[in-house]
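> Can you read through this structure? Questions will come right after.
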Amino acid sequence: MTQKTTFPAGTYYIGDLCYCLPSEKWMALRDNELNGLIYYSSTAYGDGSYTGSDGNEYFVDSGTIGICPVCEIKKTFTRGTVLKDGNGYHIHTFDKDFIVDTDVCNGIFKFGDITIDTYHDEEDEDREY
């Protein structure tokens, strides 16, 4: 099953949304009660870290990867890490509208020109499927 949505140009957080959303927004999102430009879906193998086509490593603790505008996120992550680009927490600016395309069955996330494959990660090459 694939899902495609067009997002407007802007600055977005990409990664595990449990790190950056205030708890009430995270719970509303998990309960499917939150609308707008916030999207997330399950990774193929749950928690861990996944390398994106941009060379960045994306950390996952909730078994999901998502995207949301930076105006929606809190300034300090759950574990006290101050919001900054890098270290598994990534902020991306898209100069024009872009497609968010997820292939849930294959664990592939596409955010504009950034692809995060959670099924065939390089670190998992020896995994038996």
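The values are calculated or read from the model by the stated rules, or taken from the named source; none is laboratory data. Treat the numbers as computed from the prediction; the structure is a model and nothing was measured. Backbone-built Cβ (ideal geometry, glycine too); neighbour counts: all protein chains shown. Ligands, DNA and RNA are stripped out before the accessible areas are found, and what is left, the full protein with its side chains, is counted by its heavy atoms. Shrake-Rupley method; radii C 1.70, N 1.55, O 1.52, S 1.80 Å.
> With every protein chain present, what accessible area does I91 have (1.4 Å probe, heavy atoms only), rounded to the nearest 10 Å²?
Approximately 40 Å² for this residue.
> Relative to the present Cα-Cα distance, how much length would full extension add between K96 and A28 at 0.36 nm per residue of separation?
So the chain would gain 21.6 nm between K96 and A28.
> Which value in nm describes the separation of the simple spin-label points at L37 and T11, placed 7 Å from the Cα toward the beta carbon?
1.2
> Over segment 1-75, how many percent of alpha carbon pairs lie in each 10 Å bin up to the one with the longest distance?
Calculated P(r), rounded to whole percents: 18, 53, 29, 1.
> Under the 0.36 nm per residue contour assumption, what length would be gained going from the current alpha-carbon distance of T2 and Y45 to full extension?
Answer, rounded to one decimal: 13.7 nm.
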